[in-house]
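Enquirer: Starting off with a structure, shown below.
The values are calculated or read from the model by the stated rules, or taken from the named source; none is laboratory data. Predicted model only: the values in this text are computed from it and were never measured. So basically every Cβ, Gly included, is an ideal-geometry build from the backbone, and we count neighbours across all protein chains shown. For the accessible areas, the whole protein counts, side chains as well, though only heavy atoms, and no ligand, DNA or RNA atoms are used. Shrake-Rupley method; radii C 1.70, N 1.55, O 1.52, S 1.80 Å.
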Amino acid sequence: MSGRKRIVINPVTRLSGFLELDVTVEDNAVADAKTKGVMFRGFEQMMVGRSPFDAIYLTQRICGICSTAHSVASSTALEDALGVEVTEQGRYIRDIIHCCEFLQNHLRHFYQYTLPDFVKMPPEYPLFTSDNNDYRIPKEINDSLADHYFESLNYSRLAHQMLAVLGGKAPHNHGVFVGGFTTPPDAEKIIHIKSILDKISNFIENKMIPDTYTVAKYYPELFHLGGGPGNLMSYGAFNNYKELGTLYTDPLVYINRKTEAFDSKYIEEKIHYSWYKGNETSRPFDEIQAPDMDKEDAYTFVKAPRYKGVPMEVGPLARLWLSGEYRNGISAMDRTIARSLEAKKIAVIMKVLIDQIIPGTHVQKRWQVPEKAQGAGLVETTRGALGHWVKIENNLISFYQIITPSAWDFSASDESSKGTAELALMHTPLKDVENPVELGRILRSFDPCMSCATHVYRPGKEVKSIKVF
Amino acid sequence: MANHYTIDSEISAAFSEIQYLIQIIYSTGNPYARNLALNQLCNQTTHLKFLVQFLQTERNTALQQQAKPNATHPFQQTQTHTIPVQAGVEKNQIVPTQASRLPQPKNSPQQLYQSPRLLDQPAEAPYHSTEVLYQSTHIPYQSSRGLYQTPQTQFSSASNQSRQPYQIQEPSQSAQINQSAQPPFQPSRLLYPDVQRQRQIQSPTPAGNPNGQTFTREQLTQFTGMNGMPAYVAVNGVVYDVTNNAAWSLATHFGLKAGNDLTGEFASCHAGQNWILAQLKPVGRLV
Amino acid sequence: MKKLDIVLPPESVTNEAIAQRLYQAVTSGLESGHVKRKKLVWLELNGCSGNIISLLNGFQPDFEYAITQMVDIVYSNSMMVEDGEKAINRLFELAEGDEDFILGIEGAVALKNEGMYHLVGNRNGQPVTGLQAAKMLGEKASSVIAIGACAVDGGPSAARPNLSQSVGLQTVLDNREIIKLPGCPVHPDWFLGTLAHLLLYGQPELDQQQRPKMFYSDLLHDRCPRRPYFDKGVFSETLGEPYCLFKLGCRGPVTRIDCPTRQWNGHVNWPIGASTCIGCAQSGFPDRMAPFISYNTTRE
C-alpha cells in the first residue's frame, strides 16, 4: 500500500500535559512529523513584578509531576543572583529531595505511562481498554507485569513520601529554598527516608529493571527506532561536590560523535517556525520576542532551543551516555532502559548523600534581595537539562526565562533542522497505519512533560480564526 | 452590667438546647442522629461551662476593680474582654490577659447559639471573609455594645489605651499553659546563636499621644509594616495598627497592602462587619 | 421498653474521623452491592496536572482501590491507555448519551481566543478546546467537582497578567452547582473523601464557597502546632526554625483547611513542617496570597 496519509493524534495520553502529534505517512513510513504543544500558560510573564522568593514556589506550579525540578532550578538561579554560596549540607539535602522526585518520576513514567504501550492491562477497567492489538508478551509474563503496574504505585507513592518528609508535601514542596533546604532533618526523618529508600531500591532492582528488559526482549525493533539527532547534552548532575566529587555526570555534550565540555554560551532559542516575531535567534538573557500568531510557516508556540545551532536530546540516556555508563545505542528502547537503570543509579547516589547528612544543620539565613542583579540556574532534572534565568530590578523580578527539558526534546523545527522528537519519528515504518502504536512508543520514550514545555507559550494577538492545520 | 443580661440569656438558651437534645436522644431510633445529638450535647455543656466560668471571672474582675479602681480603664470594661490591659504589669512581660485564662469553646457562643444544630462548623462566611471567621472564633463573647460601637467612639475611648508593647490579641488556651515571658522550651536555641529570642520592646508608635495623632495619606503610606515601620491601614477615617494582626502576614491581606486607606475595600468585603474594626488597635485619625 | 440500646459515647467528629467513617462505609456499601460503580471523567484543563499526581499519592484509599472498587475512570489524559480520537470520542459519547457520570476537572478554563489556548484533543479534524469540553460535560454530569486551585478560581493559571485569560470552572458553568476543592494540589483524601460521600450519601455538606465542610472548615492557624509561639510572640527569624512563621509570611491565619491534622503523603509532614503556608487552599491563591516570604517585616 502506498500513498500519503495524515495522522493526527491528540490527545497523546499518558504524559504530563497536552501534546498533539501530526505526522504524514508515505509508503507506510513517517515522511513528516510535527510535535505541537496545545496549552498556553505564560509563566514567564507571570513572574515579572513578583518578589524573587515567590518564584521558587510559584514556578513549581508549571508542572505537577516534576515540580521539585523547578524549585531547584529557581533557587539555584536566585542563589546566583543574590550571591549566596550554598553550603555542602545545603546541597546534599536539596539533592536528596530532588532524588526523591527522580525516583517518583521514573517509577511512574515506566509503569503508568510506558508499560501500557507494551503490556495488556486488565480490560475490565475502562481506563485500560484499548484497540492496540500489538501486545506480544506471553500472557503469564504479561499478567505479572500488569501486577507490577499496581505494585509500583506503592513505591512511587513512597518516593513522594520521602520527598514530603524533607519538603513538607509533594507535589509542590516547600522544602527547597535559597541556601539549599528549609527545615533541617533530625535522625527520625533520616531513618524514615533510609527505610523507604531501601524498599524502593529493592523494587527497582528486582522488578523494574527486569521488567524493562522483558519489554525490550519482546519489542526489539525499538532498538532501531526513535534515534533522533544523536546529540546529547547534560548540565551536570550530582557533580562537583567539595568532598564527594562527581557522583553522576559533569556538564558535557556529545555532538557529532564527540564528547566535549558544556558551555552555556552556546544555548540559543530560534523562532523561525514558532509564533514570534523579532530576532530569529536569541540568548536566554535577551529580550523576549513579540508574539505573532499570523506568521506564515509557524506551527507552534514552542521555540526551538539549540546548542551550537543543533537540536539536542536531554534526559536519562544523555546522562548515562555522557557519564560513560551506558553506550548501547540511542533509540527509543535505549531511552526506556536508561531510565530504569538511572533509577537504580539515583537510589545509590541518594544513599551516599544521606550518609553525609549532619542532622540539625541550619542553613537558612535572612536572605537579602539586591536592588539589581541577574542569575542563572542550570540543573539536571528527571527529564534532562532545565534552565531558569532571572533578572532582578528594584528588588523585584523583572525578567524570567525558562527552558525546560521537554522544550529541548519537543522543540520546534528551525531553518536547518527539525526538533529532537520530530527527528526521532522520521522514517519510522508503521505496521498498521490505522493503529500506529509505534508513534506513541517512540514519543513516550522521551518522557514528555508538556506542562513544562508549553509554559513558555507566549500570547498571540487576537486573531479571528486559528489555523490548526 | 449589660453583659450579665446577655450571658443570662445565653445560659438559659443553652439549658433549653440541652433539654431539647436530651429529648432527641430518647426519641430517635436512628443511631446516626443520636450520635449527632450527643456531640451537640457535649458542645453545649462545654459552652455552658464556659459561660459559668466567664461569669466567675467577671465577678473577680469586679472585685479587683473595687479594690483598685484605676486598674482597668472604662474602654475595656464595656467593650470586650479581649484586651483587658492591666496596669502595673511589667511591660516586657507577655501579659496574661483575663481572656487568655478563659476556656475557649470551639466556636463562639454566638455561632453556637444561632445555629445550635450545626455540628462543629463555623458560621457561614461570605467570600473573602476568612479573617472575619478568624476573628469571630477568637472572641468568645462580645457584648452587644461592642458590636454596634462606631469607630469614632472606639477612637475616643482608645485614647486612654496606652499602647502595649505586646498584646495577646487572640487569646487561646495555649497561652494558659505558659504565662512566663520566656518560652521555656527552646531545644534548638543553640543552633541559632545569632538570633535574639528576647522580645524587642521598642514601640514603633509615633511619639506623642495617639489621641492627637493625625496622618495624611502621604504619611500613612510610610507605615508599610516593613523595615521597622509598623503596618497601619485606614478605614472610615480612623487609622488602625495591623502590625501583629494574624490576618495581615507580611503586612498584606488578600493582596491589599498596609499603608493605605482601605475604606472602600473594607466596605466591599466586610459590609456590616464593623465589629472587625472594634478588634483593631486605633492609632490615630486620617486627615 | 424498646431496645433502646446503650447510649454510645459521642463519635468523634473531627474531620479525619468523619472521612475515615466514609471510607469504611464505601467499602461495605460496595461489597454489599448497595453502591454501584459510577463513571468518573477526570478532565485535565489548563494547569500542571499535579492533582492527578497527587491522587496517585493517596494511601487509604489508594489509586488502585479507587479505580477498581469505587469508580470507573473512563477518561484521564494522564492515565488512560487509549489515545487520539478514540480517547476524545469517549467524552462525546458521554456528553451525547444518557449515562450518569461524575465529572472531576483539574486546571482552569482558558478563555482566550475562544478557548484555543488549551486544547484537550482533536476530533474529525477539528480541535476540541478545554472550554468546549468543560461546558459540554459540565452540563451533563450528575455532579461536578472542581479539583484544585486552578479549577476553583483560576489559581496559578490565572495569576496576573493571566495571558491565557484563565478562569475557574464556575465562570463557564454559571448555573451549575460545583463542589469546590481548592488546594495546590488537592490532597488525595479531600478528593476521595468527597467522592466517597457523593457515592454513598450524595452531596456532602458545603459551605458558602461550595467547599465540603468536612475538610475546609477549620482555620489552619487554630490547629497549628506552632500556635503557642504565635500567642507568645515568638517568631522565627529565618525559615527552618521551629517557631511561628507569621513574620516570614505564613498564610495559615487566613487559610481554612485541615492540613495541620491531616498532613500529607501518608500523613508524614505538611508545608509548615518545612516552611511557611502559602495559602494554596484559600481562594485568591496565588496573587492574593503573595508575597509568600519576606525578611523585612516589622517585628514589633
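Enquirer: Assign one of three labels to region C:42-116, namely rounded, prolate or oblate, based on the Cα gyration tensor with a ≥ b ≥ c the square roots of its eigenvalues; rounded applies when a/c is under 1.5, prolate when it is not and a/b is larger than b/c, and oblate otherwise. Could you put the intermediate results ahead of the total?
Expert: Working: a/c = 1.99, a/b = 1.26, b/c = 1.58.
Verdict is oblate for region C:42-116.
Enquirer: Moving on to the next point. Pairs C:K112/C:K140; A:K270/A:K372; A:K34/A:K199; A:K242/A:K270: which are spaced more than 30 Å apart, C-alpha to C-alpha? Numbers along the way, then the final one.
Expert: Working: C:K112/C:K140 24 Å; A:K270/A:K372 28 Å; A:K34/A:K199 41 Å; A:K242/A:K270 37 Å.
Pairs exceeding the cut-off: A:K34/A:K199; A:K242/A:K270.
Enquirer: Only counting protein heavy atoms at a 1.4 Å probe, give the residues of region C:41-69, ordered by number, whose accessible area falls by 50 Å² or more when the other protein chains are present relative to the chain alone.
Expert: C:C48, C:I53, C:L56, C:N57, C:F59, C:E64, C:I67
Enquirer: Okay, moving on. Which shape class applies to region A:1-46: rounded if a/c is under 1.5, otherwise prolate when a/b exceeds b/c and oblate if not, where a ≥ b ≥ c are the square roots of the Cα gyration tensor eigenvalues?
Expert: On the way: a/c = 4.57, a/b = 2.77, b/c = 1.65.
Prolate, since a/c reaches 1.5 and a/b exceeds b/c.
Enquirer: Counting heavy atoms of the protein chains only and a 1.4 Å probe, report the per residue accessible area for chain A as a whole number of Å². Write down the numbers at each step before the final one.
Expert: Working: 14620 Å² over 469 residues.
Each residue of chain A exposes 31 Å² on average to a 1.4 Å probe.
Enquirer: Taking only DSSP H segments of four or more residues, each worth -39500 (n - 2.57), what value at 222 nm results for chain A once the sum is divided by all its residues, to the nearest 500 deg cm²/dmol?
Expert: Working: 13 runs with 159 residues, N = 469.
So the calculated ellipticity at 222 nm is -10500 deg cm²/dmol.
Enquirer: I need the GluC sites (Glu not before Pro) found in region A:83-167, filtered to DSSP loop residues with at most 11 other beta carbons within 10 Å of theirs. Before the final figure, lay out the partial values.
Expert: Details: sites: A:E85, A:E88, A:E101, A:E124, A:E140, A:E151; in loops: A:E85, A:E124.
The qualifying sites are A:E85, A:E124.
Enquirer: For region C:220-289, state what percent of all Cα-Cα pairs lands in each successive 10 Å bin, counting from 0 Å until the bin that includes the largest distance.
Expert: 22, 55, 23, 0
Enquirer: List the residues of region B:227-254 that lose 50 Å² or more of accessible area once all protein chains are present, compared with their chain alone (1.4 Å probe, heavy atoms only, no ligands or nucleic acids).
Expert: B:N244, B:A246, B:S249, B:L250, B:F254
Enquirer: I want the antiparallel fraction of DSSP beta bridges within chain C, as a percent rounded to 5. Display every interim value, and only then the final one.
Expert: On the way: 10 of 31 bridges.
Percent antiparallel among DSSP bridges in chain C is about 30.
Enquirer: Ok, one more. Using a 1.4 Å probe over the heavy atoms of the protein chains, calculate the carbon and sulfur portion of the accessible area of region C:101-176 as a whole percent. Don't skip to the end; give the middle numbers.
Expert: Working: 980 of 2210 Å².
Looking at region C:101-176 in its full context, I get 44 percent from C and S.
Enquirer: May I ask you to give the percent of accessible area on region C:220-289 that is carbon plus sulfur, with a probe radius of 1.4 Å? Provide the component values of the computation, followed by the final result.
Expert: Working: 650 of 1200 Å².
Carbon and sulfur: 54 percent of the exposed surface of region C:220-289.
Enquirer: Give the accessible area for A:L197 in Å² (nearest 10); use a 1.4 Å probe, count only protein heavy atoms, and leave out ligands, DNA and RNA.
Expert: The accessible area comes out at roughly 0 Å².
Enquirer: State in Å² the accessible area per residue of region C:15-215; use a 1.4 Å probe, count heavy atoms of protein chains only, and round to the nearest integer. Let's see the in-between values first.
Expert: Numbers: 6110 Å² over 201 residues.
Spelled out: the 1.4 Å probe surface of region C:15-215, per residue, equals 30 Å².
Enquirer: Could you pull out every one of the aspartates and glutamates with an alpha carbon less than 19 Å from that of A:K5, ignoring same-chain neighbours closer than 8 positions?
Expert: A:E20, A:D22, A:E26, A:D27, A:D32, A:E422, A:D432, A:E434, A:E438, C:D83, C:E85
Enquirer: Ignoring the sites themselves, what is the longest stretch of chain A with no trypsin sites (Lys or Arg not before Pro) in a DSSP loop and at most 13 other beta-carbon atoms within 10 Å?
Expert: A:1-135
Enquirer: Find the centroid of the Cα atoms in region A:412-443 and in region A:1-28, then give the distance between the two in whole Å.
Expert: 8 Å
Enquirer: Follow-up. Which shape class, rounded, prolate or oblate, goes with region A:32-94 when its Cα gyration tensor gives a ≥ b ≥ c as root eigenvalues, a/c under 1.5 marks rounded, and past that a/b bigger than b/c marks prolate?
Expert: On the way: a/c = 2.58, a/b = 1.71, b/c = 1.52.
Prolate, since a/c reaches 1.5 and a/b exceeds b/c.
Enquirer: Share of region A:1-139's accessible area from carbon and sulfur, percent, 1.4 Å?
Expert: Working: 1580 of 3250 Å².
Solvent-exposed carbon and sulfur of region A:1-139 make up 49 percent of the total.
Enquirer: On average, how much accessible surface per residue is there in region B:214-287, in Å², for a 1.4 Å probe, leaving out ligands, DNA and RNA?
Expert: Values: 2570 Å² over 74 residues.
Roughly 35 Å² per residue, with all protein chains present.
Enquirer: Oh, and also: List for region A:111-132: residues with 50 Å² or greater reduction in accessible area, all protein chains versus chain alone, probe 1.4 Å?
Expert: At a threshold of 50 Å² (probe 1.4 Å), the residues of region A:111-132 that become less exposed are A:Y125, A:P126, A:L127.
Enquirer: Excluding ligands, DNA and RNA, what is the accessible area buried between chains A and C, summed over both sides, using a 1.4 Å probe, to the nearest 100 Å²?
Expert: Numbers: alone 18270 and 15080 Å², together 26140 Å².
About 7200 Å² of accessible surface is lost on pairing.
Enquirer: For region A:240-256 and region C:186-243, what is the separation of their Cα centres, given in Å?
Expert: First find each Cα centre; the distance between them is then 43 Å.
Enquirer: Something else about it: Ignoring ligands, DNA and RNA and using a 1.4 Å probe, state the total buried accessible area between C and B in Å², rounded to the nearest 100. Mind showing how you got there, number by number?
Expert: Values: alone 15080 and 15980 Å², together 25950 Å².
Approximately 5100 Å² gets buried when C meets B.
Enquirer: Additional query: To the nearest 10 Å², what's C:W190's accessible area with a 1.4 Å probe?
Expert: Roll a 1.4 Å probe over it and C:W190 shows about 0 Å².
Enquirer: Check every DSSP H run in chain C and write down those whose alpha carbon atoms cover 20 angstrom or more along the long axis and whose mean Kyte-Doolittle hydropathy is 0.5 or greater.
Expert: Details: long enough: C:15-31 (24 Å, -0.21).
Span-like helices here: none at all.
Enquirer: For region A:72-83, what does the Karplus curve 6.51 cos²θ - 1.76 cosθ + 1.60, with θ = phi - 60°, yield as ³J(HN,Hα) per residue in whole Hz, taken in order and with x for Gly and Pro?
Expert: Here the 3J(HN,Hα) series is 5, 5, 5, 5, 5, 4, 5, 4, 4, 5, 7, x Hz.
Enquirer: Other chains near A:62-73: what is the mean number of their Cβ atoms within 10 Å of each residue's Cβ?
Expert: Details: counts 4, 5, 15, 7, 3, 5, 0, 0, 1, 0, 0, 0.
Mean shielding by partner chains, rounded to a whole number: 3.
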